[in-house]
Amino acid sequence: GAGVSQSPSNKVTEKGKDVELRCDPISGHTALYWYRQRLGQGLEFLIYFQGNSAPDKSGLPSDRFSAERTGESVSTLTIQRTQQEDSAVYLCASSFFGLASEQYFGPGTRLTVT
Amino acid sequence: EDQVTQSPEALRLQEGESSSLNCSYTVSGLRGLFWYRQDPGKGPEFLFTLYSAGEEKEKERLKATLTKKESFLHITAPKPEDSATYLCAGGGAQKLVFGQGTRLTINP
């Protein structure tokens, strides 16, 4: 069956531009997660959706970051006015239930801000 | 504050040399302790979930165990293909907290 897919796989953008990252979860998974992984670092939790709702948005690094999920399916992570420190791999994951169930990760989007 | 700490940061073993990776956690309202494997340039791959102290799970050369404060990933007679970064994560009420990972290298 299809796994979690993310697009684009790579994105190079100029400082100050907005970017949108897309995640398509595994069909039927109710929960969806976004993480950031800087080079050589661990995973930084950004936000998670249960259905279309995000119970806690406090993990988003700044108000330049926002995320939405529609139809209990696809999710978009938007970064406005990108900065060089936003350069990282952004990983999306989904799970059948919530935080007590195993997550399945996509391949990530590598974002480079020049 | 919820925290997950893994040790060592990096570990080099010879093929067949068994060892253990450590994960110490303080996660309020822990709902599950997870182990993942991550290969370079890829997303993490799920290995195990442990829910209560004393629980153990095995998969091929890997065995994960859990106490009230720590989890261990034991690797028995590893092979070069076991080389990867192993991530531990604690699932709390609102988020999953990952450790920094242990980068494991198995030399043939």
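The values are calculated or read from the model by the stated rules, or taken from the named source; none is laboratory data. Everything numeric in this text was worked out from a predicted model, so none of it was measured. Using ideal geometry, Cβ is built from the backbone for each residue, glycine included, and neighbour counts are taken over all protein chains shown. The area values use the complete protein model at the heavy-atom level, side chains included, leaving out ligands, DNA and RNA. Shrake-Rupley method; radii C 1.70, N 1.55, O 1.52, S 1.80 Å.
Please go through region A:39-55 and give me each residue that is open to solvent by 40 Å² or more (accessible area, probe 1.4 Å), in contact with a strand residue (DSSP E or B) (Cβ under 9 Å, 6 or more places away or on another chain) and either within 11 Å of chain B (Cβ to nearest Cβ) or among the aliphatic types (A, V, I, L, M) (or both), ordered by number. Can you show your working first?
Just the residues of region A:39-55 that are open to solvent by 40 Å² or more (accessible area, probe 1.4 Å), to begin with: A:39-41, A:44, A:50, A:52-53, A:55.
Those still in the list that are in contact with a strand residue (DSSP E or B) (Cβ under 9 Å, 6 or more places away or on another chain) too: A:39, A:41, A:44, A:50, A:52-53, A:55.
Correct list: A:LEU39, A:GLN41, A:GLU44, A:GLN50, A:PRO55.
So which of B:GLU56, B:GLU81, B:GLU70, B:GLU17 is within 25 Å of A:SER95 (Cα to Cα), of a type outside the set (Lys, Arg) and open to solvent by 70 Å² or more (accessible area, probe 1.4 Å)? Quick ask: steps written out before the conclusion?
Details: B:GLU81 fails: within 25 Å of A:SER95 (Cα to Cα); B:GLU70 fails: open to solvent by 70 Å² or more (accessible area, probe 1.4 Å); B:GLU17 fails: within 25 Å of A:SER95 (Cα to Cα).
None of the others qualify; the one that does is B:GLU56.
What's the number of the condition B:LEU87 fails, among (1) at pLDDT below 95; (2) open to solvent by less than 30 Å² (accessible area, probe 1.4 Å)?
(1)
Can you tell me which condition A:CYS23 does not meet? The list is (1) touching a residue at least 40 places away in the same chain (Cβ under 8 Å); (2) outside any loop (DSSP other than H, G, I, E, B); (3) more than 10 Å from the chain's Cα centre (by Cα), and all the others hold.
(3) is the only condition that A:CYS23 fails.
Considering only region A:95-114, state which residues are of a type in the set (S, T, N, Q) and either closer than 17 Å to B:LEU87 by Cβ or touching a Phe, Trp or Tyr at 6+ places or on another chain (Cβ under 6 Å) (or both). Walk me through how you get there before you give the answer.
So the first thing to find is which residues in region A:95-114 are of a type in the set (S, T, N, Q), and the list is A:95, A:101, A:103, A:109, A:112, A:114.
Result: A:SER95, A:SER101, A:GLN103, A:THR109.
Considering region B:28-51 alone, what residues qualify as being more than 10 Å from every other protein chain (Cβ to nearest Cβ) and open to solvent by 60 Å² or more (accessible area, probe 1.4 Å)?
B:SER28, B:PRO40
Please verify whether region B:59-67 includes one or more residues that are of a type in the set (Gly, Ala, Ser), open to solvent by less than 60 Å² (accessible area, probe 1.4 Å), part of a strand (DSSP E or B) and within 14 Å of chain A (Cβ to nearest Cβ).
Let us first name the residues in region B:59-67 that are of a type in the set (Gly, Ala, Ser), namely B:64.
Subsequent filtering for residues that are open to solvent by less than 60 Å² (accessible area, probe 1.4 Å) retains B:64.
Add one more test, that the residue is part of a strand (DSSP E or B), and what stays is B:64.
The next check asks that each one be within 14 Å of chain A (Cβ to nearest Cβ); those that pass are B:64.
Within region B:59-67, one or more residues are of a type in the set (Gly, Ala, Ser), open to solvent by less than 60 Å² (accessible area, probe 1.4 Å), part of a strand (DSSP E or B) and within 14 Å of chain A (Cβ to nearest Cβ).
Can you tell me which residue is most open to solvent (accessible area, probe 1.4 Å) among those in region A:59-93 that are in a strand (DSSP E or B) and within 11 Å of another protein chain (Cβ to nearest Cβ)? It would help to see each step written out before you state the result.
From region A:59-93, those in a strand (DSSP E or B) are A:65-69, A:75-79, A:88-93; that's our starting set.
Still in the running and within 11 Å of another protein chain (Cβ to nearest Cβ): A:89-93.
On the way: A:VAL89: 25, A:TYR90: 0, A:LEU91: 2, A:CYS92: 0, A:ALA93: 0 Å².
Once the filter is applied, the top-ranked residue is A:VAL89.
I'm trying to understand the selection: among the residues of region A:94-114, which are assigned to a loop (DSSP other than H, G, I, E, B), within 7 Å of another protein chain (Cβ to nearest Cβ), in contact (Cβ under 8 Å) with a residue 60 or more places away in the chain and not small (Gly, Ala, Ser)? Write out each step before concluding.
Applying the first criterion (assigned to a loop (DSSP other than H, G, I, E, B)) to region A:94-114 yields A:96-103, A:106-108, A:114.
Within this subset, residues satisfying the condition of being within 7 Å of another protein chain (Cβ to nearest Cβ) are A:99-100, A:102-103, A:106-108.
Right, trim to in contact (Cβ under 8 Å) with a residue 60 or more places away in the chain and you get A:99, A:103, A:106-108.
If the condition is that a residue be assigned to a loop (DSSP other than H, G, I, E, B), within 7 Å of another protein chain (Cβ to nearest Cβ), in contact (Cβ under 8 Å) with a residue 60 or more places away in the chain and not small (Gly, Ala, Ser), then A:LEU99, A:GLN103, A:PRO107 are the ones that fit.
Which of the residues belonging to region A:36-76 are within 13 Å of the chain's Cα centre (by Cα), within 21 Å of B:LEU87 (Cβ to Cβ) and not hydroxyl-bearing (Ser, Thr, Tyr)?
Within region A:36-76, A:ARG36, A:GLN37, A:LEU43, A:GLU44, A:PHE45, A:LEU46, A:ILE47, A:GLY59, A:PRO61 qualify.
Contact list please: Cβ distance under 7 Å, first residue in region B:1-30 and closer than 16 Å to B:THR85 by Cα, second residue open to solvent by 50 Å² or more (accessible area, probe 1.4 Å) and basic (Lys, Arg), pairs at least six apart or on different chains.
Taking only residues 6 or more apart or on different chains, the pairs are B:GLU9/B:ARG103; B:ALA10/B:ARG103.
Filter region B:68-108 down to the residues that are in a strand (DSSP E or B), within 14 Å of chain A (Cβ to nearest Cβ) and of a type in the set (Gly, Ala, Ser) and list them by number.
B:ALA84, B:ALA89, B:GLY90, B:GLY91 - these are the residues of region B:68-108 that are in a strand (DSSP E or B), within 14 Å of chain A (Cβ to nearest Cβ) and of a type in the set (Gly, Ala, Ser).
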